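*Asks:* Dropping a structure here in structure tokens format, bear with me for questions.
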Amino acid sequence: MEALNYIAIGISIAGSIIIIWGVLTTIFLFCKTEKDRLINIKLQNNSSAIRNQFSGYLILGLDFMLAADIIHTIHNPILKELYVLAMIVGIR
């Protein structure tokens, strides 16, 4: 049963890495777009596409974290863990 705990931690770390990668790529794309707009004023604002891309990374990372919390709750079914899981699912 301890293996489930390690699997849940690994999945949670993967979700964190996905979110961090999404933040870094979003910052890079935003800075690149703003630099291009400063050089050429006639370029359109592409912030909605950048926002959609960031949302995709964020949702994917949160799905990984939700899966880790489900595994952790199965491994340790305490009422407090079920409340935390219910809040995470509600927020999602």
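*Asks:* Being within 30 Å of LEU82 (Cα to Cα), without any contact (Cβ under 8 Å) to a residue 40 or more places away in the chain and open to solvent by 70 Å² or more (accessible area, probe 1.4 Å): is that true of ILE27 here? First the steps, then the outcome.
*Replies:* On the way: within 30 Å of LEU82 (Cα to Cα): no; without any contact (Cβ under 8 Å) to a residue 40 or more places away in the chain: yes; open to solvent by 70 Å² or more (accessible area, probe 1.4 Å): yes.
Criteria not met by ILE27.
*Asks:* Could you please give the count of residues in the range 1-18 that are open to solvent by 40 Å² or more (accessible area, probe 1.4 Å), closer than 13 Å to ASN76 by Cα and in contact (Cβ under 8 Å) with a residue 12 or more places away in the chain?
*Replies:* Residues meeting the conditions: 2.
*Asks:* Is at least one residue of the range 54-67 modelled with pLDDT under 85, in a helix (DSSP H, G or I) and of a type in the set (Asp, Glu)?
*Replies:* Step one: of the range 54-67, the residues modelled with pLDDT under 85 are none.
Checked against the condition, which is being modelled with pLDDT under 85, in a helix (DSSP H, G or I) and of a type in the set (Asp, Glu), the range 54-67 yields no hits at all.
*Asks:* Could you check, for the range 42-51, whether at least one of its residues is aliphatic (A, V, I, L, M), over 30 Å from GLU2 (Cβ atoms), open to solvent by 60 Å² or more (accessible area, probe 1.4 Å) and at pLDDT below 80? Quick ask: steps written out before the conclusion?
*Replies:* Let us first name the residues in the range 42-51 that are aliphatic (A, V, I, L, M), namely 43, 49-50.
Still in the list and also over 30 Å from GLU2 (Cβ atoms): 43, 49-50.
Of the ones still in play, those that are also open to solvent by 60 Å² or more (accessible area, probe 1.4 Å) are 43.
With at pLDDT below 80 added as a condition, the list becomes 43.
Yes, the conditions are met somewhere in the range 42-51.
*Asks:* Which number in (1) open to solvent by 80 Å² or more (accessible area, probe 1.4 Å); (2) touching a residue at least 40 places away in the same chain (Cβ under 8 Å); (3) of a type outside the set (A, V, I, L, M) marks the one condition that LYS32 misses?
*Replies:* Unmet for LYS32, out of (1) open to solvent by 80 Å² or more (accessible area, probe 1.4 Å); (2) touching a residue at least 40 places away in the same chain (Cβ under 8 Å); (3) of a type outside the set (A, V, I, L, M): (2).
The values are calculated or read from the model by the stated rules, or taken from the named source; none is laboratory data. All figures in this text were calculated on a predicted structure; none of them were measured in a lab. Virtual Cβ from ideal backbone geometry, glycine too; neighbours counted across all protein chains shown. The accessibility values were calculated without ligands, DNA or RNA, using every heavy atom of the protein model including side chains. Shrake-Rupley method; radii C 1.70, N 1.55, O 1.52, S 1.80 Å.
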